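The values are calculated or read from the model by the stated rules, or taken from the named source; none is laboratory data. Computed from a predicted structure; not experimentally measured. Note that each Cβ is placed from the backbone with ideal geometry, even for glycine, and that neighbours are counted across all protein chains shown.
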Amino acid sequence: MHITIMRYALKKKILFFGMVFIVLMIFLHPDINARRSYEYIDKDSILDHLHEETAENFTSSAVSDCDYRDVIYDDTTLSIRLVDDDLVEGHRIRVGGESAPQDCKPKFSTAIIVPYRDRAEQLRGFLVYMHTFFRRQKIHYRIFVIEQVDSRPFNRAKLLNIGAVAAMKAGYPCLVLHDVDLLPLRPANLYSCTLLPRHMSSSINQLRFVLPYLNLFGGVIAMITKQYQLINGMSNEYFGWAGEDDDFYSRIETYGLKLCRFEAEISMERRNQFTVGKTRIAADGLSSLKYTEVATVLHPLFTHIMVDL
């Protein structure tokens, strides 16, 4: 009995000191300031940092250019309950999930690339929400959903590469790499590329709208297509959920690119340091991409590309 009590007391001490150690590590971490603040592009400067370019084959019959000042300063939010509704009529979405404003000529063409497997209801809600959201953005866009149909562990990065190749073939100058469980809250989170790669989901509700560490670079990323080609895309070697975001950040850093972000108030809602060798960057990515395309279907709300990795 005495031995049992002693062991219990020892376990309590170990647990206590373990918790103290973890707390100290968190507060002494060099990136702890990232939880409260980080460099960002303020609203007054956003328009000066945007990359204006439309898709090669896109034309608009509108006479005047779209004005994005009202979009940038729109502080309203969409209801998250939209994910449970059906898409209302009047969106004028072309087959394949492509749309553009009718009353003005957009300055941006963006391909939204969504890696996907086995989340049918979540995808349905995502599509309804995003098409509704984009009506307020005044951009030309198309949603590509890249589904892994084999039984191997999920390879998010490789699916994003496949989507990027499809978007490049369609002539899109801007890529948004987008997890299906993240939704933008405010129109000011403009789905266009900035001159530098942008972390669009640096402020999300699940992390109490703070950035855990400065090098975090996952969730939703906007990047000029030519920049994505420059760094050879993402690694194809990450099967399972780990490492691909840090690898991606290392590629961007290796090629001398910097990240940018918008202020924390321009946020996202979530629904339910690694170093890569420079020689491997050139050999592992878009240049080494291999897969079998099972089918491509142009649905009313998205372009569905099914692949076997």
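Only one residue in Ile93, Ile113, Ile26 is modelled with pLDDT under 95 and either out of contact with any strand residue (DSSP E or B) (no Cβ under 8 Å at 6 or more places or on another chain) or closer than 23 Å to Leu196 by Cβ (or both), so which one is that?
Result of the check over Ile93, Ile113, Ile26: Ile26.
Is it the case, given these coordinates, that Thr132 is under 16 Å from the mean Cα position of the chain (by Cα) and either in the same structural domain as Asp284 (by TED's automatic domain parsing) or in a loop (DSSP other than H, G, I, E, B) (or both)?
When the stated conditions are applied, Thr132 does not pass them.
Taking interchain pairs and intrachain pairs at least six residues apart, which have beta carbon atoms under 8 angstrom, with the first residue in the stretch 288-300 and under 22 Å from Tyr141 (Cα atoms) and the second modelled with pLDDT of 95 or more and among the charged types (D, E, K, R)?
Note: no pairs meet the criteria.
Where residues in the stretch 92-129 are assigned to a loop (DSSP other than H, G, I, E, B) and among the β-branched types (Val, Ile, Thr), which of them is nearest to Leu190 (Cα to Cα)? Give the derivation first.
Quick first cut of the stretch 92-129, residues assigned to a loop (DSSP other than H, G, I, E, B) only: 92-93, 95-97, 100-104, 106-107, 117-119.
Those still in the list that are among the β-branched types (Val, Ile, Thr) too: 93, 95.
Values: Ile93: 19, Val95: 23 Å.
Out of the qualifying residues, it is Ile93.
Exactly one of these conditions fails for Leu160: (1) modelled with pLDDT of 95 or more; (2) out of contact with any Pro (no Cβ under 6 Å at 6 or more places or on another chain). Give me its number.
(2)
Scan the stretch 237-251 and report the pairs whose first residue is closer than 11 Å to Asp284 by Cβ and whose second residue is of a type outside the set (A, V, I, L, M, F, W, C) and modelled with pLDDT under 90, with Cβ atoms within less than 6 Å and a gap of 6+ or a chain change.
Close Cβ pairs (under 6 Å, with a partner that is of a type outside the set (A, V, I, L, M, F, W, C) and modelled with pLDDT under 90) amount to Tyr238/Glu244.
Going residue by residue through the stretch 47-65, is there one that turns out to be exposed (fewer than 10 other Cβ atoms within 10 Å of the Cβ), assigned by TED's automatic domain parsing to the domain that holds Trp241 and among the aliphatic types (A, V, I, L, M)?
yes
Let's see how each residue does on (1) modelled with pLDDT of 90 or more; (2) of a type in the set (Val, Ile, Thr):
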{"site": "Phe239", "(1), (2)": "yes, no"}
{"site": "Ala264", "(1), (2)": "no, no"}
{"site": "Ser267", "(1), (2)": "no, no"}
{"site": "Gln273", "(1), (2)": "no, no"}
{"site": "Val276", "(1), (2)": "no, yes"}
{"site": "Leu286", "(1), (2)": "yes, no"}
{"site": "Glu293", "(1), (2)": "yes, no"}
{"site": "His304", "(1), (2)": "yes, no"}
{"site": "Asp308", "(1), (2)": "yes, no"}
